[in-house]
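Report on the following structure.
The values are calculated or read from the model by the stated rules, or taken from the named source; none is laboratory data. As the structure is a computational prediction, the values presented were derived from the model and not from experiment. All Cβ positions, even for glycine, are placed from backbone atoms using ideal geometry, and neighbour counts span all protein chains on display. These accessible areas exclude ligands, DNA and RNA; they are computed on the full protein's heavy atoms, side chains included. Shrake-Rupley method; radii C 1.70, N 1.55, O 1.52, S 1.80 Å.
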Amino acid sequence: MRRRSELDASPPIHREMGDSLDRTVFHKSLPVLAARVPSPKAGILLKSEALRQCIMNLPKIRSVLQDPSGSKDARLVLFRVTDEADLPSEAQRFLREQSADLMIYTLNLNYDYWTADEILHAVLPEELCNGAPTGFAVTGHIAHLNLNDEYLPYKHLIGQIVLDKNKAVRTVVNKLDSIDTKFRFFKMELLAGDPDYVVEHHESNCRFVFDFTKVYWNSRLHTEHDRLVQLFKPEDVVADVFAGVGPFAVPAGKKGCAVLANDLNPDSYLYLKKNIKLNHVLSVVRPFCEDGRDFIKSVMHRAAQEPFPPYRDPKELKSRGQLKPSPTQAPALPPRELISHFVMNLPDSAIEFLDAFRGILSESDGEEKRNLGGIYNVMPMIHCHCFTRELERDVAERNIRARVEEKLGYNLTSDDEVSLHLVRSVAPNKEMYCISFRLPRAVAYA
Ligand SMILES: C[S@@+](CC[C@H](N)C(=O)[O-])C[C@H]1O[C@@H](n2cnc3c(N)ncnc32)[C@H](O)[C@@H]1O
């Protein structure tokens, strides 16, 4: 029996390129069988059962073309074989019945035709083809790769292919192993494209602008940002101790929450302010640039001394078409002066900051500070992120709780509404959790 030959549309192999991409060598002429038929017949061929398995099915190639000889009344129907003899006999018979005029049409494929994966497989050494790095994260217009050592000799080649094949990407970087120990942003090197690192990234219906080489950002935390923001009620006051450029603070503000957002990195603070403005939450999100410990110690007093305006439901305001309450409206709410939530997303060391809560309400050093003891009927929730190398849930929970309790100088009980949430696995033996609990009175008044 004759073996049917399939079309080989794979790119030509060019493993000699080293680290510099030559697009011009990617050219392939692919002769394919075509049936020239009057235009109305093209549909009949496409729908016919006899030809169903034979019609052209290569990605991005149309199966019906205008007749290249210029006749407006004729079409070419392309097949996925080169030779008529490769068609099944019933297909050949059907084409004869239709008086189709068989010919060879040449497809010219070039660099633009193939996917990044196909090009990488054609240029990388064979032993590196399995596991070739086509996956990457995108932040704004920047694609960031995390290349394993064996791919580093080809990093510019890989970067250029990723850039060429992803229209929304303007810059391709490789994340280096080192992370800034203080402000947690990644060091990176340019692989291809514009050396422009100021991105505009969209998350949770908010716009974030920041310099990716100077501040922390991780799109993988999107779900965690959303999870906590969903916990907040629009009337809440939130203190974000390690706010970065605002992925908790800004969406919370958009929801109506009043937010005190802090970050010690001057660049994060700069972009946090920009993002507050950009997202029109100036009246409810206040930025600070302080050490987290100082911020924790002073923030409850700050909120009390300078309360936020009461929450007003934007829908209610819109439907009444007014900003001032009418006599029929619900009584005006009081200004917001009590913090309901602390967010502490600095997983490497946030637990170390928990001792700052000790005596936070009992201290009234300095006469100008109001004694807050009486006004906090409900204590704030604390959401503290952390890492652990314990992979078993129970062991991880005991480990995290013990570290938290040591810093608080207090053993958490069931009254403290403790819960633990697995945020993500950051490495094969490292997990990120968020422990939430209500600030114990015994700690706040210690
Ligand atoms: C892991 S990032 C989290 C940022 C943001 N909350 C998010 O979810 O993307 C931690 C942030 O804490 C800031 N930071 C580090 N040390 C700090 C400190 N001692 N006080 C305040 N902020 C600090 C860093 O600049 C960084 O922006």
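Figures for the structure shown
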quantity	calculated
Compactness of region 27-110 as Cα Rg over 2.2 N^0.38 Å, two decimals	1.01
Simple Cβ-charge dipole of the chain, Lys/Arg +1 and Asp/Glu -1, about Cα centre, in debye nearest 20	1620 debye
Computed P(r) (all Cα pairs; the chain; 10 Å bins; percent)	4, 16, 19, 17, 13, 11, 10, 6, 3, 0, 0
Given the chain, longest segment not containing exposed loop GluC sites (Glu not before Pro) (DSSP; at most 13 other Cβ within 10 Å)	50-366
Accessible surface, per residue, of the chain when the full set of protein chains is kept, probe 1.4 Å, Å²	50 Å²
Simple spin-label estimate for S283 and E406 in nanometres, 7 Å along Cα-Cβ	4.7 nm
J(HN,Hα) series, region 26-31, from Karplus relation 6.51 cos²θ - 1.76 cosθ + 1.60, nearest Hz, glycine and proline x	8, 9, 9, 9, 10, x
Antiparallel DSSP beta bridges within region 116-202, percent to nearest 5	70 percent
Helix 292-305 axis, angle to the chain major axis (alpha carbon atoms, nearest 10°)	70 degrees
Electrostatic dipole magnitude of region 223-294 [Cβ: Lys, Arg +1; Asp, Glu -1; Cα centre; debye, to 20]	340 debye
Share of carbon and sulfur in the accessible heavy-atom surface of the chain [1.4 Å probe, %]	51 percent
Subset of K182/K254; K60/K167; K165/K274; K187/K273; K214/K407 violating a 21 Å alpha-carbon distance limit	K182/K254; K165/K274; K187/K273; K214/K407
Between helix 266-278 and the chain: long-axis angle, C-alpha atoms, 0 to 90°, nearest 10	80 degrees
Helix-only mean residue ellipticity at 222 nm for the chain, each DSSP H run of n ≥ 4 adding -39500 (n - 2.57), per residue, nearest 500	-7000 deg cm²/dmol
Translational diffusion of region 95-212, µm² s⁻¹ [Kirkwood Rh, Cα pairs; Stokes-Einstein; 10 °C; 1.306 mPa s]	95 µm²/s
Residue-level accessible surface for M300, protein heavy atoms, 1.4 Å, Å²	0 Å²
Euclidean distance between Cα centres, region 13-77 to region 365-432, Å	62 Å
Rel. contact order, % - alpha carbon contacts under 8 angstrom, at least six apart, the chain	9 percent
With Cα atoms, 0 to 90° folded angle of helix 155-165 axis to the chain main axis	80 degrees
Equivalent-ellipsoid semi-axes of region 343-446, from the Cα gyration tensor, Å, largest first	29, 13, 11
Cα gyration tensor, region 40-83 - rounded (a/c under 1.5), prolate or oblate	oblate
Charge sum, other residues only, whose C-beta stays under 15 Å from D101's C-beta, Lys/Arg counted +1 and Asp/Glu -1	0
Dimensions (Å) - region 207-322, Cα atoms, principal axes, largest first	46, 31, 23
Share of alpha-carbon pairs per 5 Å distance bin for region 137-206, given as whole %	4, 17, 26, 23, 18, 9, 3, 1
Overall dimensions of region 218-444 as given by Cα atoms, namely Rg and Dmax in Å	18.1, 61
